[in-house]
1. Just to be sure I understand, how many residues within region B:14-49 are free of Cβ contacts under 8 Å to residues at least 24 places away in the same chain and open to solvent by 20 Å² or more (accessible area, probe 1.4 Å)?
2. From the set of residues in region B:50-100 that are free of Cβ contacts under 8 Å to residues at least 24 places away in the same chain and of a type in the set (A, V, I, L, M, F, W, C), which is least open to solvent (accessible area, probe 1.4 Å)?
3. Applying the selection to region A:69-108, what residues are in a strand (DSSP E or B) and either on the phi > 0 side of the Ramachandran plot or of a type in the set (S, T, N, Q) (or both)?
4. Looking at (1) out of contact with any Lys or Arg (no Cβ under 9 Å at 6 or more places or on another chain); (2) closer than 19 Å to A:GLN101 by Cβ; (3) not aliphatic (A, V, I, L, M), which is the only condition B:TRP35 fails?
5. Starting from region A:76-89, keep only residues that are within 11 Å of A:LEU112 (Cβ to Cβ), then list their pairs with residues that are acidic (Asp, Glu) and part of a loop (DSSP other than H, G, I, E, B) whose Cβ atoms are within a distance under 8 Å, requiring at least 6 positions of separation or different chains.
6. Here is a list: A:GLY106, A:GLY96. Which entry is within 12 Å of chain B (Cβ to nearest Cβ), open to solvent by less than 30 Å² (accessible area, probe 1.4 Å) and over 12 Å from the mean Cα position of the chain (by Cα)?
7. Does region A:37-46 hold any residues that are open to solvent by less than 20 Å² (accessible area, probe 1.4 Å) and more than 9 Å from every other protein chain (Cβ to nearest Cβ), and which are they?
Amino acid sequence: DVKVTQSSRYLVKRTGEKVFLECVQDMDHENMFWYRQDPGLGLRLIYFSYDVKMKEKGDIPEGYSVSREKKERFSLILESASTNQTSMYLCASSSGQSDEQFFGPGTRLTVL
Amino acid sequence: AQSVTQLGSHVSVSEGALVLLRCNYSSSVPPYLFWYVQYPNQGLQLLLKYTSAATLVKGINGFEAEFKKSETSFHLTKPSAHMSDAAEYFCAVTGGGADGLTFGKGTHLIIQP
């Protein structure tokens, strides 16, 4: 069974902390994505990667960075967490750029 | 560029009734279209996808969707709602290339007993 896993289901951090969200896929997919999901706003793309060490900004990259050192792992970094980054974060992967995306279970991050 | 509009942030139907969730898209190239379902505190799961083969697409859990180019629509239907269908549903579109998927804002489906 194909799988995308995220390091934490729930996370509570304080304002100003550096936060790492990890995502791992076991499908040998080229493409990986980070979204945030907020009520009434749907899914908004933060960053994506089409290859190792490659990254592209999505629609809302401000306040975030990413790292992809290995094909199976894509990390989202909040350099200095703020309360407006409290959200559900979803990671996804796909084989082709226009193919079905497979999603992880999500990380619900609360920044106090 | 592409975009998706889902009409109705909340849809309520009785158990056993028809489910109809609306999705309209815009795309400058022939689109690929997807419907995803999200159960509480879970990630998104693919229900079905249209990739320019048959215009009527059947998915999991008895759902289906019809691609209508003239109406730029891809509405999701199920003949008879079940309590387990209560969830958030997302429509997504891609025109291919580097654009990836663009998601609608979601429709919360409520099933009344």
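The values are calculated or read from the model by the stated rules, or taken from the named source; none is laboratory data. Because the structure is a prediction, the values reported are computed rather than measured. Please note: Cβ atoms are built from the backbone with ideal geometry, for glycine as well, and neighbour counts cover all protein chains shown. Quick note on the areas: whole protein, heavy atoms, side chains included, nothing else; ligands and nucleic acids left out. Shrake-Rupley method; radii C 1.70, N 1.55, O 1.52, S 1.80 Å.
1. 5
2. Per the criteria, the residue is B:VAL57.
3. Filtering region A:69-108 down to residues in a strand (DSSP E or B) leaves A:69-70, A:73-78, A:87-94, A:102-103, A:107-108.
Of everything in region A:69-108, those that are in a strand (DSSP E or B) and either on the phi > 0 side of the Ramachandran plot or of a type in the set (S, T, N, Q) (or both) turn out to be A:SER75, A:SER87, A:SER93, A:SER94, A:THR107.
4. Going through (1) out of contact with any Lys or Arg (no Cβ under 9 Å at 6 or more places or on another chain); (2) closer than 19 Å to A:GLN101 by Cβ; (3) not aliphatic (A, V, I, L, M) one by one, B:TRP35 breaks only (1).
5. Pairs that qualify, where the first residue is within 11 Å of A:LEU112 (Cβ to Cβ) and the partner is acidic (Asp, Glu) and part of a loop (DSSP other than H, G, I, E, B), are A:ALA81/A:GLU17.
6. From the options A:GLY106, A:GLY96, the qualifying one is A:GLY96.
7. The answer is A:ILE46, and nothing else.
Okay, residues lined up against (1) within 11 Å of another protein chain (Cβ to nearest Cβ); (2) loosely packed, with under 13 Cβ neighbours inside 10 Å:
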{"position": "A:THR15", "(1), (2)": "no, yes"}
{"position": "A:VAL19", "(1), (2)": "no, no"}
{"position": "A:GLU22", "(1), (2)": "no, no"}
{"position": "A:PHE48", "(1), (2)": "yes, no"}
{"position": "A:LYS70", "(1), (2)": "no, yes"}
{"position": "A:TYR89", "(1), (2)": "yes, no"}
